[in-house]
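Here's the structure we're looking at; comments come further down.
Computed from the coordinates by the stated procedures, all read-outs in this text should not be read as laboratory data. From a predicted model like this one, the values you see are computed outputs, not experimental measurements. We place every Cβ from the backbone using ideal geometry, glycine too, and count neighbours over all the protein chains shown.
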Amino acid sequence: MLPSWVGLPFEPLCCTHAASGRGPQEFEREGSTLTAPVAAAGLASPSAGARAAAAAGGSPRRTRQPMLPASLPAGPQEVTPQSFSIEASRTLDGDPLHSGNILQVNLGESIQEVSLSLFTQGFSLAPTSSSASGKLRLISRFWSPFTLVEKCQVKAMENAESWAVFKLTIFRREGFDLSYYFACSGTDAKEERQTWVDTIATVVSDLTVSLFPSYSIVVQPIPGKEKTYSRIMAGYLLRGGSAEEVTLVYCELHAHIAGEAQLILYTDEWCEHEVLCIPLGPASSISTRKGTYCTVFGVDSHRFCCRTREERDLWLRAVSNVKVKLMFGAPDPTVSDLETFRASVGERLEAMPQASAREDTAGTSADSGCGGRAGVSGDCRPAEEDQHPRAAPMLEGVPRRPPQGPSGDAGGAIDPPEP
């Protein structure tokens, strides 16, 4: 026999919060914007009259709350975040994009000629016939999105104008960063250096974009999820911290409330499974590195990588603005203040160029809530994603571990059945 609920009408714009003891919250459409009722601080709560009426057994009188635009995510829900391996066991495939002999500078030790080859997935260093091959060995590394490429000035020395130095830094765990110094020499040293730097920046940029799903930064909260109502902006970022892996997480920046703000990490844009909550205060450290190419920024001891340099600048500006408000003891934002914050982010998103020509072009309309660049209002159109499949990630994905089982399982886990 079918359950009693089969055949009942489904109301997708109504969410019941059983855990908080509230009744269904209604979501209305005003024009093309999906809106949700919230209180002045961004969170809805039953009024005193409604609680008294409910205690007396009567029906609480429904009052109209301020309306806050909201939009539903387009992607599937994930339980565990996706990680990518930087220290992959497979070798570099294909022909090098650029190769040649170059000087490797070991600060305070030596300068030796090596053969540097740049591939799509990584780079290799090999000794040349003129170098001390007994001291050098073949080095092969995969590219990391957490990479900085910068030109360096040569200190006063003889024939300094015929030297052009650049530095390649790979950020890993704190204190375990890798740095390589290379120098070009001769009359065309600066032109040769520019070729190396541009090639590295292009390859690392393409690899970084390939690790992100098709998405746009959004500013509106998710209907029915009160914890997102103080959102200023949200989008995917790569999280560092491991020497061998980078992890894709969905980050949500919240406005300051009660003297503290938060940067919350989730597994995906549905914001169901929280990975980490980073508190932001007046003393929080916000950092980045400038160079020819770098999309990395830091919040205290946490390192993140954005899809493009423009997105990095936007995240830095938004987080820094929140910190300034905390430093000067700004009052908690009202609904109107939150809309002003989001509108400011939306204006910058509208002016932001495409992340990459290889990126999925689905949902780039400015009036789309999830797929749009600003994500200010409108409906989500997940069906468009199938028309423009994104390129496969250029790094090997780490197998995802299944969710942890119930604590009541004997031994903490159940052995899988034998094949």
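For the pairs K227/K323; K167/K323; K190/K290, flag any whose C-alpha to C-alpha distance is greater than 24 Å. Those over the limit are K167/K323. For region 168-227, applying the loop criterion from DSSP together with a ceiling of 14 other beta carbons within 10 Å to the GluC sites (Glu not before Pro) yields E174. Of the peptides 216-225, 266-275, 391-400, 141-150, the ranking by mean beta-carbon count within 10 Å, highest at the top, reads 216-225, 141-150, 266-275, 391-400.
Considering only A351, M327, G298, and ranking their Cα positions along the charge dipole of region 286-358 that arises from unit charges at the beta-carbon of Lys, Arg, Asp and Glu, the one farthest toward the positive end is G298. Remark: region 121-129, residue by residue, has Karplus-estimated 3J(HN,Hα) of 8, x, 9, 9, 10, 9, x, 9, 5 Hz, where x stands for each Gly or Pro and the curve is 6.51 cos²θ - 1.76 cosθ + 1.60 at θ = phi - 60°. Taking amide H atoms as placed 1.01 Å from N in the peptide plane, the amide H of F119 lies under 5 Å from those of L97, S124, each 5 or more residues away in sequence or on another chain. As an exercise, find the ratio Rg/Rh for region 243-296 from alpha-carbon atoms, using the Kirkwood inverse-distance average for Rh. Here the Rg-to-Rh quotient is 1.04.
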